[in-house]
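Bear in mind these aren't lab numbers, they're just calculated from the coordinates by the rules spelled out. Every value quoted in this text rests on a predicted model; they were computed, and no experiment measured them. All Cβ positions, glycine included, derive from the backbone under ideal geometry; neighbour counts span all protein chains shown.
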Amino acid sequence: MSIEVRHLTHTYSEGSVMRTVALDDVSFTVEKGEFVGIIGHTGSGKSTLVQHLNGLLKPSAGEVLIDGEDLNGEHVNRRALRQRIGLVFQYPEYQLFEETVAKDIAFGPKNQGLSAEEIDGRVRYAMDCVHLDYDKYSASSPFELSGGQMRRVAIAGVLAMKPSVLILDEPTAGLDPRGRDRILTMLEELHAREHTTILMVSHSMDDMARLATRLLVMAEGKLLADGTPREIFSRTEMMKGAGLDVPAAARLCQALRDRGIDLPTELYQADELRDAILRLWRQGKEATGC
């Protein structure tokens, strides 16, 4: 499933003194199987953008095309399209409401009119995706779980509908390091195994360095840059201008370069920085005969 955004503009409170342009002529295309990170400072338009991608908001101007079909077209089956595009809001655990984990995850598939057997299979599939043991947790109350587990139950409720595209708005916000790593690992595995198209909003450049194959940089409602993480993170002045940092490995790499260590400028992942430092160390040993 492809998503094409054409000249998307969204204005809040049009015609009033509170008028705010949240999106300004944004255009891009996401192809099937991509993992796209959406980054930008608070108020840059990220959340407004993703709410257009499954029709929660209607544009003031422009189009959102799903496999060539206008999501806001006059005769489009918006409900059917939304079922193919799963949107996970920030702090999705606040939307849990059923008495058991299994019932909460089953809510979406039930609304799809699936059989009891198919619903059970979807619940088991989704719990496996988010690393929650069915036998241990399916009959538990979601409100007795840890914050990270509740987050995974909420994500499982979206995955149970088997969307072609998964959109997540700050999925690790507020979690401790262990909970954050479990969410990121789950998304990593889902993308690798199912080839699900994923768009993720995050303030963490380290999370983006770990997961994203492509980055969209938003600033003041505009699409400032679109490229691979290596391309985007190498543009340090552009990132600073957008109020953004670079991953910790990229910062360390630059600090070492500033001290005269001959490292490539485009390193942004911890493992590649480690390997580059080890290569220099081995070359130094060989040169000195040590």
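Could you compute the net charge surrounding Gly221? Neighbours are other residues with a C-beta less than 12 Å from the C-beta of Gly221; K and R count +1, D and E count -1.
Working: positive: Lys46, Lys222; negative: Asp24, Asp25, Glu220.
Spelling it out: positives minus negatives among the neighbours equals -1.
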Rounded to 5, percent antiparallel among DSSP beta bridges of the chain: 55
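Applying 1/(1 + (r/R0)^6) with R0 = 25 Å to the Cβ-Cβ distance of Asp128 and Arg178, what FRET efficiency is obtained, to the nearest 0.05? Don't jump to the answer; show the numbers that get you there.
On the way: r = 20 Å, r/R0 = 0.79.
Here the calculated transfer efficiency is 0.80.
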query: Given the pairs Lys46/Lys103; Lys136/Lys162; Lys103/Lys162; Lys58/Lys222; Lys46/Lys222; Lys58/Lys110, which span a C-alpha to C-alpha distance of over 20 angstrom in this model?
result: Lys46/Lys103; Lys136/Lys162; Lys58/Lys110
- prompt: Just one of (1) 27; (2) 31; (3) 39 is percent of Cα pairs over 30 Å apart as worked out from the coordinates here. Which one is it?
  reply: (3)
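Note down the relative contact order for region 189-290 as a percent, whole number, built from C-alpha pairs under 8 angstrom at least six residues apart. Write down the numbers at each step before the final one.
Numbers: 87 pairs, mean separation 19.2, N = 102.
Relative contact order of region 189-290: 19 percent.
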task: Express the relative contact order of the chain as a whole percentage, based on alpha carbon pairs under 8 Å and six or more residues apart in sequence.
output: 21
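Go ahead and run the numbers for FRET between Arg6 and Gln95, Cβ-Cβ distance against an R0 of 45 Å, rounding to 0.05.
Plugging the Cβ-Cβ distance into 1/(1 + (r/R0)^6) gives 0.90.
Defining a contact as two alpha carbons under 8 Å apart and six or more residues distant in sequence, what relative contact order in percent does region 1-142 show?
Details: 175 pairs, mean separation 28.7, N = 142.
Computed value for region 1-142: 20 percent relative contact order.
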message: For the chain, what does the helix formula give at 222 nm: sum of -39500 (n - 2.57) over DSSP H segments with n ≥ 4, over the residue count, nearest 500 deg cm²/dmol?
response: -12500 deg cm²/dmol
query: Where does each of Arg180, Arg257 land when they are ranked from fewest to most other beta-carbon atoms within 10 angstrom?
result: Arg257, Arg180
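How do Val101, Val130 rank when sorted from fewest to most other Cβ atoms within 10 Å of their own Cβ? Could the numbers behind the result be given before it?
Values: Val101 29, Val130 22.
The most exposed by this proxy come first: Val130, Val101.
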field: Amide H contacts under 5 Å for Leu199, placed H, 5+ residues apart
entry: Val36, Leu166, Ile167, Leu168
- request: Going by C-beta contacts inside 10 Å, put Cys129, Cys253 in order with the fewest on the left.
  value: Cys129, Cys253
